[in-house]
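Remarks on the structure that follows.
The values are calculated or read from the model by the stated rules, or taken from the named source; none is laboratory data. Computed from a predicted model, the values in this text were never measured in an experiment. A quick note on method: Cβ atoms are made from the backbone with ideal geometry, for glycine too, and the neighbour counts reach across all protein chains shown. Just so you know, the surface numbers come from the protein's heavy atoms only, side chains and all, with ligands and any DNA or RNA stripped out. Shrake-Rupley method; radii C 1.70, N 1.55, O 1.52, S 1.80 Å.
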Amino acid sequence: MPQSAKNFAQRLNHCLDETDAPVGARERAVILSKMIDIPKQQAWSLLEGQVMPDDALLQKIANEFEVDRKWLSGEK
């Protein structure tokens, strides 16, 4: 799996930690899928660092968690 996707997943999980989300991966995938209106499987893949979101989804996630898009993607 790409390192950039792994870095993104770590930062995404950090954002979920800040919202006091449950630690279980399944629960996190459900929460994320509802927050940003994506399928649970896609949320799981993002949280596990299997894929990087496209630019539009990355921006949507950054907006939802009120973080910088470049920080979230690992660009800075």
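Could you list, in sequence order, the residues of segment 54-64 that are open to solvent by less than 60 Å² (accessible area, probe 1.4 Å) and within 22 Å of Val23 (Cβ to Cβ)? Please lay out each step first, then the result.
Within segment 54-64, the first condition is being open to solvent by less than 60 Å² (accessible area, probe 1.4 Å), and the residues that meet it are 57-58, 61-62.
The answer is Ile61, and nothing else.
Right, Phe8: open to solvent by less than 40 Å² (accessible area, probe 1.4 Å) and touching a residue at least 60 places away in the same chain (Cβ under 8 Å) or not?
On the way: open to solvent by less than 40 Å² (accessible area, probe 1.4 Å): yes; touching a residue at least 60 places away in the same chain (Cβ under 8 Å): yes.
Considered against the rule, which asks whether it is open to solvent by less than 40 Å² (accessible area, probe 1.4 Å) and touching a residue at least 60 places away in the same chain (Cβ under 8 Å), Phe8 comes out as yes.
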List, please: which pairs have Cβ atoms under 7 Å, are six or more places apart or on different chains, and start with a residue in segment 54-68 that is touching a residue at least 24 places away in the same chain (Cβ under 8 Å) and end with one that is in a loop (DSSP other than H, G, I, E, B)? Ile61/Pro53
If you go through segment 33-51, how many residues are open to solvent by 70 Å² or more (accessible area, probe 1.4 Å), in a loop (DSSP other than H, G, I, E, B) and under 17 Å from Lys6 (Cβ atoms)? 1
Only one of these is in a loop (DSSP other than H, G, I, E, B) and open to solvent by less than 80 Å² (accessible area, probe 1.4 Å): Val30, Val67, Val23. Name it. Val67
